[in-house]
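> The structure is given below, and queries will be raised subsequently.
Bear in mind that the values in this text are calculations on the coordinates, not laboratory data. Please read these numbers as outputs of a predicted model, since none were measured by experiment. Here the Cβ positions follow ideal geometry from the backbone for every residue, glycine too, while neighbour counts run over all protein chains shown.
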Amino acid sequence: MPCVVGRSVARKEGRRKLSGQARYVDDLSLPGLVHGVTIRSAVPRGRLRDIRFGGDIPWDEFTVVTAADIPAENSVASILADQPFLVESEIRHAEEPVLLLAHPDRDMLEKARRAVELDVEPLPAVLSMDASGDVIQSYQIEKGDVDAAWEQAHLIVEGEYRTGAQEHLYIEPNGVLAVAAPQEGVTVWGSMQCPYYVHKALVRLFGLPDDKVCVIQCETGGGFGGKEDYPSIIAGHAALLAWKSGRPVKMVYDRAEDMAATTKRHPSRTRHRTAITGDGKLLAMEIDFSIDGGAYATLSPVVLSRGTIHAAGPYNCLNVRIRSRAMATNTPPNGAFRGFGAPQSLFAIERQMDRVARAAGLSPEEFRRRNFLAEGDATATGQVIREKLDLGGLMDRAFQLSDYHARRERFARQNRESSVKRGIGFACFMHGAGFTGSGERTLASVAGVEATSAGRVRVLAASAEIGQGANTVLAQIAAEALGIDYDLVDVAPPDTAAVPNSGPTVASRTTMVVGKLIESAAIGLKKTLMAAGLLGEVYSTRQFRAACRDYVALYGPLRSFSQYQAPPDIRWDDERFRGDAYGAFAWAVYVAQVAVDMVTYETRVEDFVAVQEVGRVVNPVLAAGQIEGGVAQAIGWALYENVVWRDGRMANARMTDYLVPTAADTPPIRVVFVENGYPHGPSGAKGIGELPMDGPAPAIAGAIENALGIAVDRLPILPETLEQALG
């Protein structure tokens with residue numbers, strides 16, 4: 001039988017994308033199409049008094065939609081129902097949607113957009129989480145007796161760490177095409193990660209039964225979490241315009257609108273208080289973790305949850321208290337972004353570990369080695385590590401590949417006389433795969449496979465290909481389970497009318513969770529053929545195809561579905577925030593080498609080593625690509641990407657002003673996988689996509705500290721930040 005998992009097979013959609021045959025939403029058109037735009041608030045908080053339509057505009061040619069035109073519920077279906085599709089009276093953030101316009105002529109539409117005047121009574125606004133007293137969500141983790149531990153401490157070290165917002169900057173901006181009518185229902189095509197999230201939002205917006213709403217994911221040019229919840233808003237807007245106009249409506253944001261109006265990575269503030277014993281062991285951790293949620297909850301509760309659970313890092317400490325909160329402000333809502341919460345809190349714990357090590361007179365690596373989690377230890381939530389875990393071995397491998405100790409010594413000598421100072425730093429971390437705690441149980445995801453009369457197999461799942469290789473990996477898993485050639489497996493496009501709800505494409509869950517469902521469904525399909533006497537225990541691809549043809553001819557459609565069942569040892573208490581937070585963690589140690597120019601204060605990452613244990617690697621090239629892309633994105637967050645706020649608005653919502661690393665700014669990234677199969681993942685695989693966002697920033701900060709001898713406690717680390725710190 002063919003062996004598919006573990007091989008770097010060709011991407012399923014690769015030829016279409018390379019040849020230009022792939023169709024994105026802006027490639028689509030329908031007869032009678034009109035274009036839609038959004039009129040947004042310019043103030044961060046206020047009361048809408050009136051809307052005036054001025055200028056030399058033939059307004060009778062336009063479709064105009066306000067909150068009064070919404071057929072059912074004016075709230076975006078999310079964790080909380082606090083965010084309206086369109087403002088009724090109260091404005092809570094700049095760029096908040098107030099009304100919608102549609103017209104066949106895009107030039108006329110832009111002219112009309114500028115001619116709409118919003119009469120708004122400004123109100124006092126809260127523009128930072130430090131000034132906010134409005135808590136969206138809070139959590140608390142308690143392990144051991146933190147209060148008693150302080151009296152036993154040999155040393156207590158405190159620190160505060162901050163991280164800034166980050167723009168997703170996916171290649172393709174948000175866009176949708178919608179048709180809608182009371183009798184026929186609503187159909188939307190769009191660039192998105194989570195078709196069933198959009199489906200749920202449209203059902204509530206229009207008050208329609210589920211089968212009257214259809215959501216189809218188009219080819220999608222990147223997401224990173226930014227197309228998890230926001231597509232529900234733009235889909236609702238396009239569908240409202242289509243509903244009122246009776247014509248197909250396309251809405252595609254330009255880059256400036258996408259950057260200004262959509263969600264960002266949550267800014268964060270983390271305060272640490274750490275107690276250690278005389279022999280350098282962690283005795284107690286008290287952590288206060290806050291994030292800026294913006295004006296509405298969106299996905300802040302799950303971002304906060306993940307950040308809270310990861311806040312203590314991969315370290316064994318018997319006494320831990322973590323308090324966390326998401327604060328409401330009058331800035332555009334923040335949302336999920338690769339790693340969602342974990343990069344913020346892991347940056348803080350890694351910087352704190354370096355600070356504690358220095359105070360204890362230990363090297364950063366020796367202090368960590370004394371405190372790493374190991375098999376049998378419990379995390380901050382009380383989750384017992386049941387796998388073979390060797391963080392010290394991962395660290396040794398990363399140090400060997402990066403020549404860490406020799407370079408550290410060499411740079412110390414060279415920096416005395418050089419105007420370019422070099423340093424090397426590292427970070428140790430983990431990332432939980434799948435939804436937190438009971439999340440996967442609540443989702444109860446379903447995925448399946450079907451065999452056609454031609455003897456081919458189709459994967460049936462709502463998991464979206466957004467550039468990460470989901471189609472390829474799911475096809476590999478199905479082919480491996482069925483024992484057939486990879487080329488015989490196709491992946492059905494995510495369409496809520498045609499595929500089951502396998503859950504959102506988020507949280508590093510596609511391979512581990514949905515892949516396991518596909519594997520189980522494929523095994524079920526194979527058993528069906530065997531039970532029908534059409535397939536033996538040992539067979540060739542040709543015999544499998546013949547069996548499928550015969551089954552369909554005799555009995556009709558051949559499909560097999562699988563629904564999520566939690567592993568038997570996973571227990572989570574939502575009320576106490578205790579227990580098994582994730583089915584599995586991936587573990588990693590990253591090493592960064594930097595050079596700091598002492599004339600310009602610019603920092604450049606010169607070399608990077610990423611060593612990680614992610615279970616079985618399904619596709620080595622795609623897996624390495626995930627690590628390389630995540631590292632590059634995290635370098636941007638650490639060094640370049642600075643969202644500038646002015647009166648609650650993003651002042652640098654242009655790619656000329658918002659800097660991201662180019663290929664010239666990205667160092668050689670050496671990626672190493674250590675495989676340790678997870679028994680509840682397909683062929684032993686875990687999640688991987690978000691892990692590489694977590695480690696680079698603290699490793700880079702540690703390297704800068706090594707080069708310059710100054711504490712680096714906030715992101716981004718801009719030239720002016722270093723100039724100020726150095727006086």
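> Using DSSP to define loop residues, name the trypsin sites (Lys or Arg not before Pro) in the range 401-443 whose beta-carbon has at most 11 other beta-carbon atoms within 10 Å.
Here the trypsin sites (Lys or Arg not before Pro) that fit, given the DSSP loop and packing criteria, are ARG416.
> Under a point spin-label approximation (7 Å from Cα along Cα-to-Cβ), what is the TRP150-GLN183 distance to one decimal in nm?
About 7.2 nm separates the two model spin labels.
> Give the order of LEU726, LEU460 when sorted by the count of other beta carbons within 10 angstrom, beginning with the fewest.
Going from sparsest to densest Cβ surroundings: LEU726, LEU460.
> Tell me which of VAL552, GLY695, CYS214 sits at the most positive position along the dipole axis of the chain, charges placed on C-beta atoms (Lys, Arg +1; Asp, Glu -1).
Farthest along the dipole direction, towards plus: VAL552.
> Place +1 on the Cβ of every Lys and Arg and -1 on the Cβ of every Asp and Glu in the chain, take the dipole about the Cα centre, and give the residue among GLN152, ASN330, ILE234 whose Cα lies farthest towards its positive end.
Looking along the dipole axis, the top candidate is GLN152.
> Taking 0.36 nm per intervening residue step and subtracting the Cα-Cα distance, what contour gain separates GLN400 from GLU73 on full extension?
This chain segment gains 111.9 nm when fully extended.
> Calculate for the chain the 222 nm mean residue ellipticity that helices alone would give, adding -39,500 (n - 2.57) per DSSP H run of length 4 or more and normalising by residue count, nearest 500 deg cm²/dmol.
Helix contribution divided over all residues of the chain: -8500 deg cm²/dmol.
> Another question, if that's okay. Let me test this: with uniform point scatterers at the alpha carbons of the chain, what is the Debye-based log₁₀ I(q)/I(0) at q = 0.06, 0.07, 0.11 1/Å?
-0.37, -0.50, -1.19
> Okay, moving on. To the nearest 0.05, what FRET efficiency results for GLU117 and LEU33 with a Förster distance of 35 Å applied to their C-beta separation?
Rounded to the nearest 0.05, the efficiency is 0.80.
> Using packing as a proxy for protection, rank 146-156, 127-137 so that the peptide with the highest average count of other Cβ atoms within 10 Å comes first.
Result, highest mean first: 127-137, 146-156.
> May I have the convex hull volume per residue, in Å³, for the Cα set of the range 554-675?
Output value, Cα hull per residue: 302 Å³.
> Report, in listed order, any pair from LYS227/LYS264; LYS12/LYS516; LYS388/LYS526; LYS516/LYS686; LYS388/LYS527; LYS111/LYS250 with a Cα-Cα distance greater than 21 Å.
Checking Cα-Cα distances, LYS388/LYS526; LYS388/LYS527 exceed 21 Å.
> Can you compute the charge dipole magnitude of the chain about its Cα centre, using +1 on each Lys and Arg Cβ and -1 on each Asp and Glu Cβ, nothing else charged? Give it in debye, rounded to the nearest 20.
So the magnitude is around 1280 debye.
> Place a +1 charge on the Cβ of each Lys and Arg in the range 381-529 and a -1 charge on the Cβ of each Asp and Glu, then give the dipole magnitude about the Cα centre in debye, rounded to the nearest 20.
740 debye
> Between GLN724 and ARG646, what is the spin-label point distance in nm, taking each point 7 Å from the Cα along the Cα→C-beta axis?
It works out to 1.9 nm between the two label points.
> Which order results if SER29, SER402 are arranged by neighbouring Cβ count within 10 Å, fewest first?
Taking fewest neighbouring Cβ atoms as first place, the list is SER29, SER402.
> Order of PHE544, PHE411 from fewest to most other C-beta atoms within 10 Å?
Neighbour counts put them in this order, fewest first: PHE411, PHE544.
> To the nearest 20 Debye, how big is the dipole of the range 240-311 about its Cα centre, given +1 on the beta carbon of each Lys and Arg and -1 on that of each Asp and Glu?
260 debye
> Here's another thing I want to ask about it. How do the peptides 60-71, 687-698, 207-218 rank, highest first, by the average count of neighbouring beta carbon atoms within 10 Å per residue?
Per-residue mean Cβ counts within 10 Å order the peptides as 687-698, 207-218, 60-71.
> Would you be so kind as to identify all helices of the chain, as entire DSSP H runs, whose Cα atoms reach 20 Å or more along the helix's own axis and whose mean Kyte-Doolittle hydropathy is at least -1.0?
231-245, 342-360, 515-531, 541-555, 620-639
> Below 8 Å between Cα atoms, with a sequence gap of 6+, how large is the relative contact order for the range 1-147 in percent?
For the range 1-147, the relative contact order is 33 percent.
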